[in-house]
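Throughout, read-outs are computed from the coordinates displayed, never taken from laboratory work. On a predicted model such as this, the values are computed, not experimentally measured, just so you know. Note that each Cβ is placed from the backbone with ideal geometry, even for glycine, and that neighbours are counted across all protein chains shown.
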Amino acid sequence: MNLDDQKKAAADAAIEYVVDDTIIGVGTGSTANHFIDSLAAIKHRIKGTVASSEASAARLKSHGIQVLDLNEVDEISVYVDGADESNAQLHLIKGGGGALTREKIVLSVAKKFVCVADSSKLVDVLGDFPLPVEVIPMARSCVARELVKLGGRPVLREGFITDNGNIILDVHNLRIMEALKLESELNQIVGVVTNGLFARQPADVLLLGTEQGVRTVKPA
Ligand code: 5RP
């Protein structure tokens with residue numbers, strides 16, 4: 001199985017976690033796209049979805065799946081999304097696709113977070129994947145200086161604007177041993193909208209596509 005087959009297998013397995021007659025939160029990226037395609041087959045069983053990006057909303061609509069505004073929704077039964085890295089605690093780095101802020105917002109309303117990923121995403125220590133930080137454009141330089149003080153090497157994601165009209169600084173050189181602490185620290189920097197660490201609300205379960213099939217990983 002190549003990595004894309006592993007993503008698809010993990011996304012298919014997430015269908016088991018869909019709760020009938022409820023609203024489903026949908027992430028962003030290639031693995032989330034596989035989930036959207038699988039969800040199409042059972043769209044009659046759900047009330048609708050909330051999307052974490054314009055791209056996912058468009059894909060959901062192309063399948064005839066209803067997409068609701070989060071402001072119309074009180075509760076999401078389950079949020080399904082990919083990740084760039086996960087550690088054994090299921091603390092994640094997300095935002096490779098630049099949708100981290102909306103992903104965190106949709107997740108915050110969900111009762112359960114099912115993360116779907118290929119086998120390359122499970123790591124011992126977070127940080128080989130540069131940590132995405134969404135920043136208000138006028139704060140680019142001052143936020144970058146603060147990130148350097150924390151030991152990172154921020155790099156502007158060239159030619160990219162988020163769905164919220166902001167920029168992304170991808171922070172290299174981090175070896176993240178205390179994800180929860182760093183997630184809070186980064187969010188204290190004035191000008192940061194949010195960062196791609198998902199430790200305060202980690203995944204409840206990681207469905208990991210592997211050569212041997214889909215492994216269900218629970219937090220260590
Ligand atoms: C988008 C994300 C994605 O979940 C993450 O980048 C993983 O993407 P893929 O499923 O394409 O490997 O956080 O903002």
| request: Could you rank the peptides 47-53, 189-195 by their average count of other C-beta atoms within 10 Å per residue, with the highest value first? | output: 47-53, 189-195
| request: Could you bin all the Cα-Cα distances of segment 140-181 into 5 Å bins starting at 0 and give me the percent of pairs in each, rounded to whole numbers? | output: 5, 21, 26, 22, 16, 8, 1
| When the helix-only estimate is applied to the chain (DSSP H runs of n ≥ 4, each -39,500 (n - 2.57), divided by the residue count), what is the mean residue ellipticity at 222 nm, nearest 500 deg cm²/dmol? | -8000 deg cm²/dmol
| Roughly how tilted is helix 30-39, in degrees to the nearest 10 and between 0 and 90, from the longest Cα axis of the chain? | 20 degrees
| query | Say R0 is 41 Å: what FRET efficiency, to the nearest 0.05, do residue 45 and residue 148 get from their beta-carbon distance? | reply | 0.25
| request: Can you work out the PRE-style zone for residue 19? Point 7 Å along Cα to Cβ, and I want the residues of segment 59-88 with backbone N under 11 Å. | output: 75-79
| From the backbone phi of segment 150-156, what are the Karplus-calculated ³J(HN,Hα) couplings (6.51 cos²θ - 1.76 cosθ + 1.60, θ = phi - 60°) in whole Hz, Gly and Pro given as x? | 7, x, x, 10, x, 10, 5
| Seen from all sides and averaged, what is the projected area of the convex hull of the Cα atoms in the chain, in nm²? | 11.5 nm²
| remark: Semi-axes a, b, c in Å (a largest) for segment 3-93, each sqrt of 5 times a Cα gyration tensor eigenvalue, come to 20, 15, 13
| said: What FRET efficiency comes out for residue 200 versus residue 1 if R0 is 41 angstrom and r is the Cβ-Cβ distance? Round to the nearest 0.05. | reply: 0.80
| task | Using only Cα positions of segment 98-137, each an equal point scatterer, no hydration layer, compute I(q)/I(0) via Debye at q = 0.24 Å⁻¹ and quote the log10 values to two decimals. | result | -1.08
| Going by average Cβ neighbours within 10 Å, how do the peptides 128-140, 155-167 rank, with the highest at the top? | 128-140, 155-167
| request: Among 90, 76, 62, flag the residue with its Cα farthest along the positive direction of the charge dipole of segment 18-95, charges on Cβ as +1 for Lys/Arg and -1 for Asp/Glu. | output: 62
